[in-house]
Amino acid sequence: MKVNSKLIVCISLILLFQNISTQELSLKEYLENINTIKADFIQTNYSVSNAMINQSNGRIKIKKPHHLIWDIKQPFVKKIILHQDKLSIFDSQLNQLLISSLPIEAYDSFLILLLRNASILNFYSIEKIDTDDSEVLFSLISNTRGNSFERINISILNGILNKLTFVDSKNESLEIKLINALINTNLSNNEFVFNPPKNTEIIDQSND
């Protein structure tokens, strides 16, 4: 699993809601009722044998419909900023800021799902899995060729988005655990402004 491309793809799921099931309706309504998210996260990539490949952590902020920052703190600083259809990626190791239009492969991603209230119902079959009273678990199975992931599991714990697991066609997986998540708290637009360090190389491909 290529971590960079998968992260962007994990960085829509808004189309039709015809003849949806109770399971789909409850997930749709839950996601639509989220306007802002602020949380710490742990992102872990696993191999086919479920061995950990790498792990990173940081903080995510989302304000619908246009603002998102995916702020990786460790193992090195990396920032992914979405504003409308513009994608900015700052890499501290390269001391580089890359600005581009949002690539087409990102439109079925986890980040776009949260930011845009996008519906995955055209691309995945949704099943609600029985758990204890505090957790609601949805399993989303791909029903369309070309999806980035074969399966997505979404865990909601005590009413708060808790964990998302993405499994690709090779059975490699990416797990995103949200910690200390705050839903619908007040976030100002200034919290989504990123000023790169001095001497950062800026590559702007947004108009290419």
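The values are calculated or read from the model by the stated rules, or taken from the named source; none is laboratory data. What you see is a predicted model; the values in this text were computed from it and never measured. Cβ atoms come from the backbone with ideal geometry, glycine included; neighbour counts cover every protein chain shown.
Which pairs have Cβ atoms under 7 Å, sit 6 or more apart or on different chains, and link a residue in the range 58-79 that is loosely packed, with under 15 Cβ neighbours inside 10 Å to one that is part of a strand (DSSP E or B) and of a type in the set (A, V, I, L, M, F, W, C)? The qualifying pairs do not exist here. How many residues does the range 143-180 contain that are modelled with pLDDT under 85 and either buried (at least 18 other Cβ atoms within 10 Å of the Cβ) or under 20 Å from Asn45 (Cβ atoms) (or both)? Counting residues in the range 143-180 that are modelled with pLDDT under 85 and either buried (at least 18 other Cβ atoms within 10 Å of the Cβ) or under 20 Å from Asn45 (Cβ atoms) (or both) gives 3.
Within the range 35-47, residues that are closer than 12 Å to Ile72 by Cα have Cβ atoms under 7 Å from residues that are assigned to a loop (DSSP other than H, G, I, E, B) and among the aromatic types (Phe, Trp, Tyr) in no pair, counting only partners at least 6 apart in sequence or on another chain. Determine, yes or no, whether Ile80 is more than 18 Å from Asn180 (Cβ to Cβ) and in a strand (DSSP E or B). So Ile80 passes the test. On the stretch given as the range 63-95, residues that are among the hydrophobic types (A, V, I, L, M, F, W, C) and under 26 Å from Asn184 (Cα atoms) total 9.
Here's the yes/no breakdown for (1) touching a strand residue (DSSP E or B) at 6+ places or on another chain (Cβ under 7 Å); (2) modelled with pLDDT of 60 or more; (3) assigned to a strand (DSSP E or B):
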{"residue": "Asn19", "(1), (2), (3)": "no, no, no"}
{"residue": "Ile37", "(1), (2), (3)": "yes, yes, yes"}
{"residue": "Ser49", "(1), (2), (3)": "no, yes, no"}
{"residue": "Arg59", "(1), (2), (3)": "yes, yes, yes"}
{"residue": "Leu68", "(1), (2), (3)": "yes, yes, yes"}
{"residue": "Glu105", "(1), (2), (3)": "no, no, no"}
